[in-house]
Amino acid sequence: MKITSVDLWTVVVPSIPGRVNSVKYDPHDFSEIPLTVMRVNTDEGLYGLGEFGRGFPLDQIEAATRRLIGLDPRQMIPQEMPETGSLDVKNAAHPYNRWWESEAGGPTWGAYDTIEMAMFDLLGKYYDRPANWFIGGAVRDKVPADYWIGMQTPEDAAENTKLAVARGFKGMKLKCAMDECLVERCEAIWEVAGRGFKLTIDPNTRFWRLTEALDMAKVLAARGKVEVFEDPMAKWNMDWYHAFRQQAVVPVALHLGSPNEIINAIKAEAVDYFNLGGSMVQFVRNAAMAHAAGIPCWHGSGNDCGIREHSYLHAAAAARSCILGSDFVGSWTREDDLIVEPLRIEDGYAIVPDKPGLGCDLDLDALDKYRVK
């Protein structure tokens, strides 16, 4: 089996008004940034799907995909797609980027994660296995999932909470900052969903000082269920995170992607939970470190479309420590997810597909509708 061609679609899929940020906080729509979908074709009629993160440069995509032509996916190294052969330094494709001996913990060149998901999709179809089989296999058939909003007015947050409850979600993640109506927004959510509805508070480090973060934690914890404060303060200051955690007001988490950052947070006893990222292989590695330290995690996202979110779901299903509500959010923040059957969310869980590969198919009509290149 050889790869014969790669099809690319660059699209702009608008977000649904009111689902991300209220206009008051951000009149700009993140979804105006294009993203590219990839289909890798073979001489046996099988194909694999991938989705690049929004804004990834098209020239880098084209350069990366050219490397695939003529390769046999069955001969690729699963932990360094699309390379083939030995990892011995004499034969390595990147002798000056020996990631397996560096702090990176995984391949670092651009477009790697998308090529990886496409190859696992393709090989899954060839071997009749779900994509998670190539990263150790699923340890669960459904993954906890939370609803998600950006920075919203209390009124908009209440409307989204109605949708979240109707769809069976048990919790919600929300973006925020210290100098805006966070308490009122949380109150509006709890008025709709009840005080036991879990909130993940994510200010993206905009709780500027340890004292401010602790004061806000005490106010919110007295009013309803706060699942965790994610990235409340500057992420370089592990002393603050350790001190926050010692107060035991609410759990605290860091959103990290590199192994060295995860190790530093564990050594500093700075977190109760992790929000982790990385490619499918790298996420499972990152989550294994969290598991070894006894720290639960969840999978983050970037308001993506259906192919990338399926890759997140397979990775989360294969990680033992991924037991918190993950961010599979594109299916309700964007007009379309670009796949035929959307991600299944039932009673607060994303259902892991048991089909070969990623378990999703391209919606060609949607690609034509939103295509810009």
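The values are calculated or read from the model by the stated rules, or taken from the named source; none is laboratory data. Source: prediction; values computed, not measured. All Cβ positions, glycine included, derive from the backbone under ideal geometry; neighbour counts span all protein chains shown.
So here's what we get for this one:
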item: Strands (runs of 3 or more DSSP E) fully within region 270-373 counting 2 or more residues that are aromatic (F, W, Y); result: 273-276
item: Matching residues in region 30-53 - criterion: being surrounded by fewer than 16 Cβ atoms within 10 Å (Cβ to Cβ) and either of a type in the set (D, E, K, R) or not assigned by TED's automatic domain parsing to the domain that holds P14 (or both); result: E32, D43, E44
item: Candidate set: region 25-53, residues that are in a loop (DSSP other than H, G, I, E, B) and touching a Ser or Thr at 6+ places or on another chain (Cβ under 6 Å); chosen: the one nearest to P154 (Cα to Cα); result: D29
item: Within region 200-252, considering residues that are under 24 Å from the mean Cα position of the chain (by Cα) and of a type in the set (D, E, K, R), the one nearest to L174 (Cα to Cα); result: D202
item: The listed residue being at pLDDT below 95 and either touching a strand residue (DSSP E or B) at 6+ places or on another chain (Cβ under 7 Å) or not in a strand (DSSP E or B) (or both), out of E212, E180, E191, E159; result: E180
item: Some residue of region 279-297 being in contact with a His (Cβ under 6 Å, 6 or more places away or on another chain) and crowded, with 24+ Cβ neighbours inside 10 Å; result: no
item: Filtered residue count, region 54-75, keeping only those that are out of contact with any Ser or Thr (no Cβ under 8 Å at 6 or more places or on another chain), within 23 Å of A366 (Cα to Cα) and surrounded by fewer than 16 Cβ atoms within 10 Å (Cβ to Cβ); result: 3
item: Residues of region 249-269 classified as assigned to a loop (DSSP other than H, G, I, E, B) and either at pLDDT 95 or above or crowded, with 23+ Cβ neighbours inside 10 Å (or both), total; result: 5
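Here's the yes/no breakdown for (1) in contact with a helix residue (DSSP H, G or I) (Cβ under 8 Å, 6 or more places away or on another chain); (2) free of Cβ contacts under 8 Å to residues at least 12 places away in the same chain; (3) among the acidic types (D, E):
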residue	(1), (2), (3)
M178	yes, no, no
A188	yes, no, no
L199	yes, no, no
R206	no, no, no
V228	no, no, no
D231	no, no, yes
